[in-house]
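*Asks:* Sending over a structure as structure tokens; questions will come in a sec.
The values are calculated or read from the model by the stated rules, or taken from the named source; none is laboratory data. The structure displayed is predicted, hence computed values, not measured ones. Note that each Cβ is placed from the backbone with ideal geometry, even for glycine, and that neighbours are counted across all protein chains shown.
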Amino acid sequence: MRLQLSAVLAAVCFTPACYEFKVHAQAGYAQLAVDGDLGYVNGSTTASIRQDVQSAFGLGDDQGSPYARVSVDTGVPVLSVSGFTFDESGDGVLQASFGDSPLLVAGTPVRSELEMTNIKGSYLFQIDLGPVAISPGIAVDYFDLDVQVRDAIGIANERVELQAPVPLAMLRGEVDLGIVSAMAEVGYMRVDVDEVSGSLLDIEAMLMVHPTALIDLFVGYRSLMLTADGEIDGDTFDTDLQVGGLILGGGLRF
């Protein structure tokens, strides 16, 4: 009877219900910058013209931002959420018309403000190959983007807002060598619907050092590359933006 009971307990504890969840929480600092082009014409049949975000809108300097990431390993499925906030303001000179204001035309000095929050959630299936793990799956990038452009004296003002979840196909690779480990993941989406086309490429990578079993220090890179063009409700847009840079911080495993 004792032997039978031991066998039953062993069998039960190898089921998913007995798997011990592993949680990894990280927080740190991101040094991010925006780059690329932005074009937008509101309520007009005139095609939008891409304008360099640095010269036309005065954006593009490195900005410090908070960064956080949490992952939950349930055995095979691995769930993770990461995110950051980013904001910047600057002064530029428009290279072409922006919006539908007759005052925001080429040659106009403007004051620009950009605010963005990004939250990425993923659901991946981990395949262990010794010290290496490959995890394919799906993810969702949620964007809350707000861009305001106004002339130098504050008479004319244009605002572009985007709040939307974007689904991605994702692949993550990991290497664990004990005191040192590394992770890199890539998510991608391409869409062509009606009069709108665009793509999103999301890259996140980390190199981690583990002084103890519970604590890690990391340095890494995060990049979002968004391209979109088309017409929605009479508004014509043409955008090619990238937000990315260095991330560093520490984490806990429990």
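*Asks:* Need at least 2 residues that are in contact with a Phe, Trp or Tyr (Cβ under 9 Å, 6 or more places away or on another chain) and crowded, with 19+ Cβ neighbours inside 10 Å per element, so show me which strands (runs of 3 or more DSSP E) inside segment 116-183 make the cut, counting only ones lying wholly within it.
*Replies:* Those strands (runs of 3 or more DSSP E) span 132-151, 157-176.
*Asks:* Something else now. Mind checking which pairs have a first residue in segment 137-153 that is more than 18 Å from Tyr188 (Cα to Cα) and a second that is basic (Lys, Arg) and at pLDDT 90 or above, Cβ under 7 Å, 6 or more apart or different chains?
*Replies:* Arg150/Arg111; Ala152/Arg111
Every residue, every condition in (1) aromatic (Phe, Trp, Tyr); (2) over 29 Å from Tyr123 (Cα atoms); (3) modelled with pLDDT under 95, yes or no:
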site	(1), (2), (3)
Ala47	no, yes, yes
Ala68	no, no, no
Asp73	no, no, yes
Gly99	no, yes, yes
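*Asks:* Evaluate the following for Arg2: is it at pLDDT below 80 and among the basic types (Lys, Arg)?
*Replies:* The answer is yes for Arg2.
*Asks:* Shifting gears a bit: Residues Leu94, Leu79: which one is in contact with a Pro (Cβ under 9 Å, 6 or more places away or on another chain), touching a residue at least 12 places away in the same chain (Cβ under 8 Å) and either within 15 Å of Gly121 (Cα to Cα) or buried (at least 18 other Cβ atoms within 10 Å of the Cβ) (or both)?
*Replies:* Leu94
*Asks:* Further, regarding this structure: Step by step: first the residues of segment 13-42, then only those that are in contact with a Lys or Arg (Cβ under 9 Å, 6 or more places away or on another chain) and within 13 Å of Val70 (Cβ to Cβ), then the one that is modelled with the lowest pLDDT. Which residue is that?
*Replies:* By that ranking, first place goes to Lys22.
*Asks:* What's the number of the only condition in (1) of a type outside the set (A, V, I, L, M); (2) touching a Gly at 6+ places or on another chain (Cβ under 7 Å); (3) closer than 19 Å to Ala30 by Cβ that Asp100 fails to meet?
*Replies:* Asp100 satisfies all of (1) of a type outside the set (A, V, I, L, M); (2) touching a Gly at 6+ places or on another chain (Cβ under 7 Å); (3) closer than 19 Å to Ala30 by Cβ except (3).
*Asks:* Let me ask something else. State all residues of segment 97-112 that are surrounded by fewer than 21 Cβ atoms within 10 Å (Cβ to Cβ), polar (S, T, N, Q) and under 21 Å from Val243 (Cβ atoms); if no residue qualifies, say none.
*Replies:* none
*Asks:* Return the residues of segment 98-128 that are within 30 Å of Thr236 (Cβ to Cβ) and among the polar types (S, T, N, Q); say none if nothing qualifies.
*Replies:* Ser101, Thr108, Ser112, Thr117, Asn118
*Asks:* Looking at segment 124-140, is at least one residue among the charged types (D, E, K, R) and more than 16 Å from Met206 (Cβ to Cβ)? Let's see the steps before the verdict.
*Replies:* Step one: of segment 124-140, the residues among the charged types (D, E, K, R) are 128.
Cutting the leftovers down to more than 16 Å from Met206 (Cβ to Cβ) gives us 128.
Yes: segment 124-140 contains one or more residues that are among the charged types (D, E, K, R) and more than 16 Å from Met206 (Cβ to Cβ).
*Asks:* A follow-up question, please. Please give the number of the condition Glu185 fails out of (1) among the acidic types (Asp, Glu); (2) more than 28 Å from Val70 (Cα to Cα); (3) under 15 Å from the mean Cα position of the chain (by Cα).
*Replies:* Here Glu185 meets the rest and fails (2).
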